[in-house]
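The values are calculated or read from the model by the stated rules, or taken from the named source; none is laboratory data. Note that the structure is predicted; figures quoted are calculated from it, not measured. Glycine also receives a Cβ, built like all others from the backbone with ideal geometry; neighbour counts cover every protein chain displayed.
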Amino acid sequence: MKSFGKNIYLLILSTFFLLFLNVEAIPQTKTETISVDNLKRTYIIHIPQLVNPGDKLPLVIILHGHGGTGKQIMKNSKFNGLSDKEKFIAVYPDGINKGWNDGREVEGNDKYDDIKFMSLLIDRIRDNFNLDTNRIFATGMSNGAIFSFYLALKLSDRILAIAPVAANIPELLVKDYYPENPVSLMLINGTADPLIKYGGGKVGFKIGKSHGWTISTDSTINIFKTLNKCSNEPIITEIPDINVDDDCFATKYEYKHGVKDSDVILIKIENGGHSWPGGVQNLPKFLVGNLCRDFDAATVIWEFFKTTKNR
């Protein structure tokens, strides 16, 4: 009996050993640099654990807001846990002076080529990892979210879908906003955002320096509906109001059947402020408004990316 028990133990041990030979148990989160126009640009990259060596991995680019960092939005958005579970690469770039050149031509960031930074970053990840180049996505908050609209315009041959949070298309881009390829969109906006208004207008508080202008959320959705040739009538879903203390509730509007299987989705947060749903209240409520806690933005965004069909 002792010999039998020992043999069973060895069999189990060898089975686990063989299993681990076929996966890469390498969860990694590290800061790296890349040279862009003789400037050292930094980013944090997270590689999921237990990946089969032959598996091609999608890429999600997560872009911080003005005044933020890659480290800050990594902590606030909580994409790393999803990366490990769903097997995609998550990357968190850093903007120069904590901001992005997002097409608004705001003084201070307009001289840096952040589109080139993103393109070179995708190349770097493609060259170093088994990247699924057909499944590259971008999301972000505020300034980073506006930048994702710019990425959809300039890199539509590489970006399959975007999911901006608290943003609209800049006014300066509207005239020539014609991506060469259809890019699916999920836009998450609060109707009471005091910084990037749901109805469009000056970016920033009512009193103080202007940070450019954006069009309205409805106009942004209409532009993408037209570009992608989606259905005019949305599928409307009320998101359960699971947290009645957050003083807001959300509704999802889905415009389906676009060209090359593209979709356009709006999550409208009634009375929602300038914040990442399900995240952290980084600034006081009296400054940025309500933080919606009825859903987790990263989970909803990844589900959208995950179900977006290849072109």
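Does GLY212 satisfy being modelled with pLDDT under 95, among the small types (Gly, Ala, Ser) and under 20 Å from ILE162 (Cβ atoms)?
On the way: modelled with pLDDT under 95: yes; among the small types (Gly, Ala, Ser): yes; under 20 Å from ILE162 (Cβ atoms): yes.
For GLY212, the condition - modelled with pLDDT under 95, among the small types (Gly, Ala, Ser) and under 20 Å from ILE162 (Cβ atoms) - is met.
Quick grid of which residues meet (1) buried (at least 18 other Cβ atoms within 10 Å of the Cβ); (2) assigned to a loop (DSSP other than H, G, I, E, B):
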{"position": "MET186", "(1), (2)": "yes, no"}
{"position": "LYS197", "(1), (2)": "yes, yes"}
{"position": "PHE205", "(1), (2)": "no, yes"}
{"position": "HIS211", "(1), (2)": "yes, yes"}
{"position": "ASP218", "(1), (2)": "no, no"}
{"position": "ASN222", "(1), (2)": "no, no"}
{"position": "LYS225", "(1), (2)": "yes, no"}
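Regarding GLY103, is this residue over 17 Å from the mean Cα position of the chain (by Cα) and surrounded by 20 or more Cβ atoms within 10 Å (Cβ to Cβ)? Walk me through it before giving the result.
Details: over 17 Å from the mean Cα position of the chain (by Cα): yes; surrounded by 20 or more Cβ atoms within 10 Å (Cβ to Cβ): yes.
In short, yes.
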- Message: Taking the condition of being out of contact with any strand residue (DSSP E or B) (no Cβ under 9 Å at 6 or more places or on another chain) and not in a loop (DSSP other than H, G, I, E, B), how many residues in region 151-172 meet it?
- Response: 2
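Give the residue that is farthest from PHE286 (Cα to Cα), with candidates limited to residues of region 235-246 that are out of contact with any helix residue (DSSP H, G or I) (no Cβ under 9 Å at 6 or more places or on another chain) and not in a helix (DSSP H, G or I).
Narrowing region 235-246 to residues out of contact with any helix residue (DSSP H, G or I) (no Cβ under 9 Å at 6 or more places or on another chain): 235-238, 240-246.
Next, only the ones that are not in a helix (DSSP H, G or I) stay: 235-238, 240-243.
Details: ILE235: 34, ILE236: 31, THR237: 29, GLU238: 27, PRO240: 25, ASP241: 22, ILE242: 23, ASN243: 19 Å.
Restricting to residues being out of contact with any helix residue (DSSP H, G or I) (no Cβ under 9 Å at 6 or more places or on another chain) and not in a helix (DSSP H, G or I), the top hit is ILE235.
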- Note on the structure: Picking from PRO277, PRO234, PRO240, the residue that is within 18 Å of the chain's Cα centre (by Cα) and of a type outside the set (D, E, K, R) would be PRO277
- Within region 108-127, how many residues are part of a loop (DSSP other than H, G, I, E, B) and crowded, with 20+ Cβ neighbours inside 10 Å? 1
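Condition check: surrounded by fewer than 20 Cβ atoms within 10 Å (Cβ to Cβ) and hydroxyl-bearing (Ser, Thr, Tyr). Does THR133 satisfy that? Write out each step before concluding.
Working: surrounded by fewer than 20 Cβ atoms within 10 Å (Cβ to Cβ): yes; hydroxyl-bearing (Ser, Thr, Tyr): yes.
So THR133 passes the test.
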- Message: Given (1) over 21 Å from PRO58 (Cβ atoms); (2) surrounded by fewer than 19 Cβ atoms within 10 Å (Cβ to Cβ); (3) polar (S, T, N, Q), identify the lone condition not met by ASN168.
- Response: (2)
- Of all residues in region 49-66, which are without any contact (Cβ under 8 Å) to a residue 60 or more places away in the chain and in contact with a helix residue (DSSP H, G or I) (Cβ under 6 Å, 6 or more places away or on another chain)? GLN49
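Would you check if LEU131 is of a type in the set (A, V, I, L, M), within 19 Å of MET186 (Cα to Cα) and in contact (Cβ under 8 Å) with a residue 40 or more places away in the chain? It would help to see each step written out before you state the result.
On the way: of a type in the set (A, V, I, L, M): yes; within 19 Å of MET186 (Cα to Cα): no; in contact (Cβ under 8 Å) with a residue 40 or more places away in the chain: yes.
The answer is no for LEU131.
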- Filtering region 256-311 down to residues that are under 19 Å from ALA138 (Cβ atoms), β-branched (Val, Ile, Thr), touching a residue at least 40 places away in the same chain (Cβ under 8 Å) and in a helix (DSSP H, G or I) yields THR299, VAL300, ILE301
